[in-house]
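Novice: Quick one: the structure is below, questions incoming.
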């Protein structure tokens, strides 16, 4: 595996005009903001897991056929403390913190709430405010124009900072303009509060709650016109191991335990009154849902399904560099059909091509739709990770791919042509790492037929990132 894929970015990039190959449509105007791990060492110490890398915010600005790029490291508390001390101060997915700490200090750390402010996964934009987020409840606000970090979002709502976990992916209804998420308070039992997030203040207002036998890992949800859907997968968090993780030299990942005998539960939370209906299926693991909607007496949820969470261990950097990823360990696109009358859950495989980090035309959110775009894996003789872009028609099962040897794309984002009535009339944006050129470029694909429209070449290489969003000028933003 080429080490460039996980090589740290050493410097921030000032605003730079990019060389464009091809022609960018005149109507495409706005900012692509991306988040992801970009620094994997602190002094002589190395972070162990892909999820552990310190966040860098990237911005591609598109206007009048021109593209500009800039980047800045997110100045989270974790980043500042570690880089100042020149060793790792924060506990994370696969890395044990503070190798210089005494046994005394490690023991007493068990009596403080574990925290993680390296918000390196995604972003959430509310009105004129934007923040970096992860699967922890802390949010780090930054300036959308300069990318300068403003600091932790201070919550004045009833939850304060007591709830440690919150998914990196909120649900957004573009018709009602409501944003939904869940707050998890770890304890001997799982305590989940379902919230709507204010568009202007980031404050969280509860509309329902759930108590479960154990706290479980969650990263995304599903949303229909009537239900917020919390999927309780059987990846349980051992709270005592978490509290003593620093003393026991355990990373977060080692505190999670797979319990397939418990199955997976779909909790349908009424958006108006918070009432919860629960349906159980065979066990599976997932990071990302795609879309959800209701038809007759069924709730339908499309998601990227893994058989188990072994992919988390596969994402340790040493394993990735040595083994890459294999097709059999990747997620596949599935459809969960919940029959509200008889209480059954059917899991139906929609395609046999690997796919994750999905996106779709957000005007179809909470409604029946046709097309899913995602990141996939084409197996070659080389050690590989996600190396192709995929489009799947969920009705006809037709598949289109974009693949070039030695090029590694990021999450594809769909941007619709203004005023178009066709669901796939638009552009796919993806940042691609070109191993041969030792740099990256912004790729524009025709979303309909997956032909290339343009490339805009960045002056540096960008490690494989996680999530982002495109905010169109003069058009409604997508969350």
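No lab work stands behind these numbers, since they all come straight from the coordinates. Predicted model, so just to flag it, every value in this text is computed and none were measured. Every residue, glycine as well, gets a Cβ built from its backbone with ideal geometry; the counts of neighbours run over all protein chains shown.
Novice: Tell me, what is the Rg over Rh of segment 336-479, with Rh the Kirkwood radius over Cα pairs?
Specialist: Rounded to two decimals, Rg/Rh equals 1.00.
Novice: Residue 270 to residue 435: extension gain in nm, 0.36 nm per residue of separation minus the Cα-Cα distance?
Specialist: Extending this stretch completely gives an extra 54.6 nm.
Novice: Per residue, how much space in cubic angstrom lies within the convex hull of the C-alpha atoms of segment 1-75?
Specialist: 122
Novice: Going by how many other beta carbons lie within 10 Å of each one, how would you line up 402, 258, fewest first?
Specialist: Lowest to highest Cβ neighbour count: 258, 402.
Novice: If each residue of separation counts as 0.36 nm, what is the full-extension length gain between residue 297 and residue 7 once their alpha-carbon separation is subtracted?
Specialist: Between residue 297 and residue 7, full extension yields 99.4 nm more.
Novice: What FRET efficiency, computed as 1/(1 + (r/R0)^6) with R0 = 35 Å and r the Cβ-Cβ distance, is obtained for residue 261 and residue 156, rounded to the nearest 0.05?
Specialist: So, using R0 = 35 Å, E works out to roughly 0.25.
Novice: Calculated FRET efficiency, residue 64 and residue 393, Cβ-Cβ r, R0 41 Å, to nearest 0.05?
Specialist: My answer for the efficiency is 0.75.
Novice: What is the calculated FRET efficiency for residue 249 to residue 189, with r their C-beta to C-beta distance and R₀ = 22 Å, to the nearest 0.05?
Specialist: 0.25
Novice: For residue 203, project a label point 7 Å along Cα to C-beta. Then give me every residue of segment 173-195 with its amide nitrogen under 12 Å of that point.
Specialist: none
Novice: Which entry in (1) 59, 59, 47; (2) 60, 49, 45; (3) 81, 42, 39 is this structure's computed Cα extents along the principal axes in Å?
Specialist: Checked against the structure: label (1).
Novice: Still on this structure, I have one more. Restricting to DSSP H runs of at least four residues, report the calculated mean residue ellipticity at 222 nm for the chain, -39500 (n - 2.57) per run over all residues, nearest 500 deg cm²/dmol.
Specialist: -1500 deg cm²/dmol
Novice: Calculate the length of the line joining the C-alpha centroid of segment 206-242 to that of segment 259-336, in whole Å.
Specialist: 12
Novice: How many nm separate the modelled label positions at residue 364 and residue 19, each set 7 Å beyond the Cα in the direction of the Cβ?
Specialist: About 3.7 nm separates the two model spin labels.
Novice: Rounded, prolate or oblate: which fits segment 146-293, taking a ≥ b ≥ c as square roots of the Cα gyration tensor eigenvalues, rounded meaning a/c under 1.5, else prolate when a/b beats b/c?
Specialist: Here segment 146-293 falls in the oblate category.
Novice: May I have the pair-distance distribution P(r) for segment 276-360, computed from all Cα-Cα distances with 10 Å bins from 0 and rounded to whole percent?
Specialist: Bins of 10 Å from zero give 16, 43, 27, 10, 3 percent of pairs.
Novice: Given labels modelled 7 Å from the Cα in the Cβ direction, how far is it in nm from residue 383 to residue 322?
Specialist: 0.9
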